Amino acid sequence: MATNAYTFARDTYAALGVDTESALRRLARIPISLHCWQGDDVGGFEKPDATLSGGGIQATGNYPGKARTLAQLRQDLEKVYSLLPGQHRLNLHAIYGDFGGKLVDRDAIEVRHFQSWIDWCADQGLGLDFNPTCFSHPLAADGFTLSHPDKKVRQFWIDHCIATRRIGAAIGRKLGKTCVTNVWIPDASKDTPFDRAGPRARLAEALDAVFAQKLNPRHNLDAIESKLFGIGAESYTVGSHEFYLGYAVQHQKVYCLDAGHFHPTESVADKLSSLLQFVPGVLLHVSRGVRWDSDHVVILDDQTRAIFEEVVRSGQMDRIYIGLDYFDASINRVAAWVIGTRAAQKALLAALLEPAKALRQAEQAGDNTLRLALFEEARTLPLGAVWDEFCRRQDVPAGLACMDEIKAYERDVLAQR
Ligand code: RNT
Ligand code: ZN
């Protein structure tokens with residue numbers, strides 16, 4: 001039985017020509033790929049107590065209870081997924097392999113190191129995405145990987161990325177769900193370089209080597225992620241927006257748009273309709289930029305809403321892959337995952353509930369006054385009641401009831417670590 005609040009909301013939306021039932025059906029089918037690295041501050045399991053180093057990224061905070069083992073990370077993720085409405089995915093970095101206590105270098109990773117993740121995902125009904133890890137490694141310590149001037153170092157990272165794609169393809173084949181493998185490299189410099197062209201020419205050539213082997217796109221899709229700057233990497237980023245846009249168009253790769261990788265006043269939402277004209281797909285790293293970089297927990301803010309409005313309005317959700325990317329170590333990490341994912345889902349729901357027909361009609365009739373009025377009206381529609389109903393139907397706690405479960409988990413599990 002629907003609640004009174006939902007019935008009221010349904011009628012309010014219906015008066016504007018919006019079908020809440022169809023929005024709820026669609027929302028239930030849209031997976032979000034949860035980034036494994038929120039659970040342990042981007043440490044990974046290559047060795048005990050591994051921590052993030054370099055790469056121009058940083059997880060700040062030292063909230064107690066972080067996952068220190070594979071089993072703990074899975075335990076936390078199971079809690080997280082149990083609090084999320086809908087069917088989702090996991091996004092894994094290569095440093096999170098099941099290495100059985102042995103040191104396996106990045107260029108030597110194999111499918112077997114990820115078999116237990118594949119099994120776990122199959123068991124949980126999750127899709128799995130993948131990433132090479134081109135940071136936190138001695139051969140990345142000087143800030144360059146695929147564009148490194150030393151051929152041997154470059155080859156090491158090429159080999160790592162090739163291994164990662166092969167694992168991606170195995171993941172996709174074994175799970176029967178396409179794996180998106182996203183290449184992000186930290187290559188950048190703190191101070192003004194003289195030679196901006198050299199590293200970019202080397203990166204283009206290295207990427208050609210990485211992608212040389214054709215893989216079945218039903219198993220693995222290649223994505224490439226651009227960036228503007230990072231910490232200690234303020235003056236020059238090899239893989240800039242222009243670089244990867246050019247590469248993605250020329251080689252028909254999926255373009256990864258991280259919401260925090262652009263000038264702060266640039267609209268990331270506006271980029272989608274341009275990108276989709278020229279690249280086969282777009283991977284979203286939904287994130288929240290605060291002054292520098294992108295890594296705050298996603299909230300239901302205007303920028304996030306605008307991105308999802310463009311996702312839905314594009315009518316091309318079959319080639320938009322939604323992932324999250326943030327790492328906050330200053331609050332309960334399980335809550336960070338849950339709050340951020342649910343915020344992204346709410347933004348998606350808000351976009352699915354736009355009075356799209358009325359807006360299009362007003363615009364096509366040249367009635368920009370009505371268009372503005374409709375946009376303003378939409379802002380105060382009862383989104384929350386529809387969201388709560390979604391949670392109720394999906395059998396997960398709505399509202400702050402989620403936090404009760406997280407607090408209990410913190411007390412019983414996290415605080416005991
Ligand atoms: C870094 C990129 C990249 C990473 C992850 C860990 O600025 O956003 O996506 O956050 O690969
Ligand atoms: Zn990212």
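LEU126 meets all of the listed conditions (1) over 26 Å from GLN155 (Cβ atoms); (2) touching a residue at least 60 places away in the same chain (Cβ under 8 Å); (3) in contact with a His (Cβ under 9 Å, 6 or more places away or on another chain) but one, namely (2). One residue stands out among those in the range 245-273 that are among the β-branched types (Val, Ile, Thr) and closer than 19 Å to GLU309 by Cα: the one that is farthest from ligand 1 (Cβ to nearest atom), which is THR265.
Mind counting the residues in the range 276-286 that are open to solvent by 10 Å² or more (accessible area, probe 1.4 Å) and either within 16 Å of ILE322 (Cα to Cα) or within 15 Å of ligand 2 (Cβ to nearest atom) (or both)?
Going residue by residue through the range 276-286, those that are open to solvent by 10 Å² or more (accessible area, probe 1.4 Å) are 276-278, 280, 283.
Subsequent filtering for residues that are either within 16 Å of ILE322 (Cα to Cα) or within 15 Å of ligand 2 (Cβ to nearest atom) (or both) retains 276, 280, 283.
Of the residues in that region, 3 qualify.
Contact map, the range 173-192: first residue open to solvent by 80 Å² or more (accessible area, probe 1.4 Å) and more than 16 Å from ligand 2 (Cβ to nearest atom), second residue part of a helix (DSSP H, G or I) and not small (Gly, Ala, Ser), Cβ cut-off under 7 Å, separation 6 or more or different chains; pairs are LYS174/ILE118.
Residues are listed down the side, and each one gets a yes or a no for (1) touching a Ser or Thr at 6+ places or on another chain (Cβ under 9 Å); (2) open to solvent by less than 10 Å² (accessible area, probe 1.4 Å); (3) not hydrophobic (A, V, I, L, M, F, W, C):
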{"position": "ALA5", "(1), (2), (3)": "no, no, no"}
{"position": "GLY17", "(1), (2), (3)": "no, no, yes"}
{"position": "GLU21", "(1), (2), (3)": "no, no, yes"}
{"position": "PRO31", "(1), (2), (3)": "no, no, yes"}
{"position": "GLN38", "(1), (2), (3)": "no, yes, yes"}
{"position": "ASP41", "(1), (2), (3)": "yes, no, yes"}
{"position": "GLY44", "(1), (2), (3)": "yes, yes, yes"}
{"position": "THR51", "(1), (2), (3)": "yes, no, yes"}
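Of everything listed in (1) crowded, with 23+ Cβ neighbours inside 10 Å; (2) more than 15 Å from ligand 1 (Cβ to nearest atom); (3) of a type in the set (Val, Ile, Thr), the single unmet condition for VAL238 is (2).
Could you identify the single residue in ASP41, ASP123, ASP76 that is farther than 24 Å from VAL286 by Cβ and either of a type in the set (Asp, Glu) or part of a helix (DSSP H, G or I) (or both)?
Values: ASP41 fails: farther than 24 Å from VAL286 by Cβ; ASP76 fails: farther than 24 Å from VAL286 by Cβ.
Every option except ASP123 fails the conditions.
Have a look at ALA67, ALA59 and point out the one that is within 17 Å of the chain's Cα centre (by Cα) and either crowded, with 19+ Cβ neighbours inside 10 Å or in contact (Cβ under 8 Å) with a residue 24 or more places away in the chain (or both).
ALA59
The values are calculated or read from the model by the stated rules, or taken from the named source; none is laboratory data. The structure displayed is predicted, hence computed values, not measured ones. Neighbour counts are summed over all protein chains in view; Cβ atoms, including those assigned to glycine, are modelled from backbone coordinates with ideal geometry. These accessible areas exclude ligands, DNA and RNA; they are computed on the full protein's heavy atoms, side chains included. Shrake-Rupley method; radii C 1.70, N 1.55, O 1.52, S 1.80 Å.
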